[in-house]
Amino acid sequence: MEKTSVQKLAGVLKVLVTVTFVCNLLVLPLVPGLAALGKGTMVSHADALLKDALGSLGWCFSLWAQPEQWGSNPAFSVLCLFLISCGVCTAVILWQARRVLGTVVAGNPFQDANGRSMKTAAVCCFLISAAALVRVVWRILYYRSLASLCSYNALFVPLFAMGGLLCMVMSALFRQAYALKSENDLTI
């Protein structure tokens, strides 16, 4: 049986989601090192390390074992925890998207499992939104400035809350479609 255009598109999307998922998992352990370079906490090492790629990777991994870096700079610690939690939630969302796209490619999207996958993705979206809200409030209190309201974190709060609501709607639609399909399959 020849695949429909929707199944072909879902196949391409599944490949793209898989590549993104793998890249997410590869970068996740490097978050502390990349955050340190980005925040300028260890800029003196940055030039030398960027010349040597393997040294850079080793340095990024070594920050996991440096408790003095985590304890001495609260802004760095909060940033790393935020990015790691968002990265983990994003990996879960991408994995759920792979599962849903797999059922579309197979030609059987109306399954209860898709409803559960969308609900899991919704919970992860809400977690990212909550983490962003916590970080915005923390920055306001820590820096005693409202400048944090004009950051990407403040944008993440409504953006991922809406994404979570959209995933909840999609979850309900998949579950309703599955119930109707199951009922229809029982009628002769």
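The values are calculated or read from the model by the stated rules, or taken from the named source; none is laboratory data. Quick caveat, the model's predicted, so the values are computed rather than measured. So basically every Cβ, Gly included, is an ideal-geometry build from the backbone, and we count neighbours across all protein chains shown. Note: areas computed on protein heavy atoms with side chains; ligands, DNA, RNA excluded. Shrake-Rupley method; radii C 1.70, N 1.55, O 1.52, S 1.80 Å.
For the range 10-28, residues that are more than 14 Å from the chain's Cα centre (by Cα) and either open to solvent by 30 Å² or more (accessible area, probe 1.4 Å) or without any contact (Cβ under 8 Å) to a residue 12 or more places away in the chain (or both) total 5. If the condition is being under 20 Å from Lys3 (Cα atoms) and of a type in the set (S, T, N, Q), then the range 84-113 contributes Thr103, Asn108, Gln111. Which of the residues belonging to the range 139-159 are open to solvent by less than 80 Å² (accessible area, probe 1.4 Å) and part of a helix (DSSP H, G or I)? Across the range 139-159, the qualifying residues are Arg139, Ile140, Ala147, Ser148, Asn153, Ala154, Phe156, Val157, Pro158.
Cβ-Cβ contacts under 7 Å between residues 6 or more apart (or on different chains), taken from a first residue in the range 150-176 that is more than 22 Å from Val78 (Cβ to Cβ) and in contact (Cβ under 8 Å) with a residue 60 or more places away in the chain to a second residue that is part of a helix (DSSP H, G or I) and open to solvent by less than 70 Å² (accessible area, probe 1.4 Å), are listed as Phe174/Asn114; Phe174/Gly115; Phe174/Met118; Arg175/Asp112; Arg175/Gly115.
The condition (being at pLDDT 95 or above and in a helix (DSSP H, G or I)) is satisfied by just one residue among Leu37, Leu9: Leu9. The condition of being out of contact with any Phe, Trp or Tyr (no Cβ under 8 Å at 6 or more places or on another chain), open to solvent by less than 40 Å² (accessible area, probe 1.4 Å), under 21 Å from Ala36 (Cα atoms) and among the hydrophobic types (A, V, I, L, M, F, W, C) holds for Val136. Evaluation of Pro109 against the conditions (1) in a helix (DSSP H, G or I); (2) at pLDDT below 95 shows that the sole unmet condition is (1).
Say we look at the range 95-119 and pick out the residues that are hydrophobic (A, V, I, L, M, F, W, C) and open to solvent by 40 Å² or more (accessible area, probe 1.4 Å); which of these is farthest from Gln176 (Cα to Cα)? Reasoning before the result, please.
The first filter runs over the range 95-119 and keeps only residues hydrophobic (A, V, I, L, M, F, W, C), leaving 95, 97, 100-101, 104-106, 110, 113, 118.
Those left that are additionally open to solvent by 40 Å² or more (accessible area, probe 1.4 Å): 95, 106, 110.
Working: Trp95: 22, Ala106: 20, Phe110: 9 Å.
Among them, the one singled out is Trp95.
Condition first: over 21 Å from the mean Cα position of the chain (by Cα) and open to solvent by 70 Å² or more (accessible area, probe 1.4 Å). Now tell me which residues in the range 160-175 satisfy that. Matches in the range 160-175: Leu173, Arg175.
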